[in-house]
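Okay, so here's the structure we're looking at.
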Amino acid sequence: DAADIQKGGFEHFMLKEIHEEPRAVRDTMAAYIKDDIQDLVKNLPDLSKYNEIHIVSCGSAMYAGMIAKSLIETKARVKVDVEIASEYRYKDPILSKDTLVLLVSQSGETADTLAALLLAKEQGIDTFAIVNVVGSSIAREAKYVAYTLAGPEIAVATTKAYCTQVALLSLIALNLAYIHNRITQKEIDQIIEEIHCLPDILNELLKDEQYITAGKIISRHSNVFFLGRGLDYALSMEGSLKLKEISYIHSEAYAAGELKHGTISLIEKGTPVIAICTDERLFEKTISNIKEVKARGANVILFVREGLNVSEDYYDYKIEIPKVDMMLQGIVTVVPLQLLSYQVANLRGCEIDQPRNLAKSVTVE
Ligand code: G6P
């Protein structure tokens, strides 16, 4: 039927949309990167005057914001708060002329995100929206707008739109690091080169079959934990949300060092723990948390960046993530996490494209 034609040979829109990520990331990057001249970016507002950024959004868009916070604070040393839009709009946020309110939204129609934008706008604060749908309400109301070029997304659970949000936010973080003189030209050149390789790297990841094996480990369980530190924690949040949204398995993402302050009591023999380890600086710390859960019988699936060596004693199944610069690592790591969720939901026979109770875009409060 018509839907099957639209799915282009894929079983679900979600899988089709994941397979569009190499193209979506390439297009989004190409729209903003200016690699032939000294200025790094084009078509983006000048962010040099802000000393604080509030990233306000909902759901996956908020988790994309968490990745941005990690990159911007680490690399550009600009303060970033990530706020849930439905909280932000009622908390009377502390705003100043040096604050930029950055809204992230696939649809551009999310009621709470729009309300947060209007609140800032009424107070004369600059607003900048990262939106996927051209001409949407958030895009029209914001002072500045930059579009992600994911194309229309049909599956309720976002994949390619989120991936392009991460890509564009990573570019913004890179630009901020550049503006604030915290990155050398040599580093920039290297990152630009890697940006051009991203579509190929993502395409390779899509060919991999090991997500089916990993999916089988998880699919029979009703509780899963994700662990990570720093950037990997932000990635865990979205990995966990995606899994629970479409597979209906209860899942929690924990900052790896926080687990021992309570939730480790839920780890039993066989409990799946998905540990993400791409950040070299925090690698040893996360490994020691993995040892803690392993000692309590957890079934550890390790997503580890290539080049970081882990003894086989500490995991049950390993998935290697290609190594790229830290500024781009998020873009590469989201893809395997999405594929894993997809495989788990597929094995459980779930309605992947339309999970119960969820809406693609929440336009009422
Ligand atoms: C809904 C969708 C999520 C999405 C969130 C924010 O809950 O199901 O996938 O992340 O809204 O949507 P937005 O369009 O603002 O990115």
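The values are calculated or read from the model by the stated rules, or taken from the named source; none is laboratory data. Here the structure is a predicted model, which is why all the values come from computation and not from measurement. All Cβ positions, even for glycine, are placed from backbone atoms using ideal geometry, and neighbour counts span all protein chains on display.
Of the numbered conditions (1) away from the ligand (no atom under 11 Å from the Cβ); (2) free of Cβ contacts under 8 Å to residues at least 40 places away in the same chain, Ser136 satisfies every one except a single condition; which is it?
Ser136 satisfies all of (1) away from the ligand (no atom under 11 Å from the Cβ); (2) free of Cβ contacts under 8 Å to residues at least 40 places away in the same chain except (1).
Do any strands (runs of 3 or more DSSP E) lying entirely in the stretch 69-139 carry at least 2 residues that are surrounded by fewer than 21 Cβ atoms within 10 Å (Cβ to Cβ) and out of contact with any Gly (no Cβ under 7 Å at 6 or more places or on another chain), and which ones are they?
Qualifying strands (runs of 3 or more DSSP E): 79-84.
Here are Arg229, Arg140: which of them is at pLDDT 95 or above and within 28 Å of Ser96 (Cβ to Cβ)?
The match here is Arg140.
Search the stretch 333-365 for residues being in contact with a Leu (Cβ under 7 Å, 6 or more places away or on another chain) and of a type in the set (A, V, I, L, M, F, W, C), and hand back the single one that is surrounded by the fewest Cβ atoms within 10 Å (Cβ to Cβ).
Leu337
Identify all residues within the stretch 187-244 that are in a loop (DSSP other than H, G, I, E, B), crowded, with 17+ Cβ neighbours inside 10 Å and among the acidic types (Asp, Glu); write none if there are none.
Of everything in the stretch 187-244, nothing turns out to be in a loop (DSSP other than H, G, I, E, B), crowded, with 17+ Cβ neighbours inside 10 Å and among the acidic types (Asp, Glu).
Hey, among the residues in the stretch 98-112 that are of a type outside the set (Ser, Thr, Tyr) and more than 8 Å from the ligand (Cβ to nearest atom), which one's farthest from Ala129 (Cα to Cα)?
Here is the first cut: in the stretch 98-112, the ones of a type outside the set (Ser, Thr, Tyr) are 98, 100-104, 106, 108-109, 111-112.
Next cut, more than 8 Å from the ligand (Cβ to nearest atom) only: 98, 100-103, 111-112.
Values: Asp98: 17, Leu100: 10, Val101: 8, Leu102: 6, Leu103: 5, Ala111: 14, Asp112: 14 Å.
Per the criteria, the residue is Asp98.
Could you list all residues from the stretch 7-65 that are of a type in the set (Val, Ile, Thr) and within 16 Å of the ligand (Cβ to nearest atom)?
Hits for the stretch 7-65 are Ile18, Thr28, Ile55, Val56.
Would you please name the residue that is farthest from the chain's Cα centre (by Cα), looking only at residues in the stretch 250-264 that are more than 16 Å from the ligand (Cβ to nearest atom) and crowded, with 22+ Cβ neighbours inside 10 Å?
Looking at residues that are more than 16 Å from the ligand (Cβ to nearest atom) and crowded, with 22+ Cβ neighbours inside 10 Å, I get Ala256.
Among the residues of the stretch 144-160, count how many are touching a strand residue (DSSP E or B) at 6+ places or on another chain (Cβ under 9 Å) and within 12 Å of the ligand (Cβ to nearest atom). Before you say what the answer is, go through the steps one by one.
Going residue by residue through the stretch 144-160, those that are touching a strand residue (DSSP E or B) at 6+ places or on another chain (Cβ under 9 Å) are 144-148.
Those still in the list that are within 12 Å of the ligand (Cβ to nearest atom) too: 148.
Looking only at that region, the number is 1.
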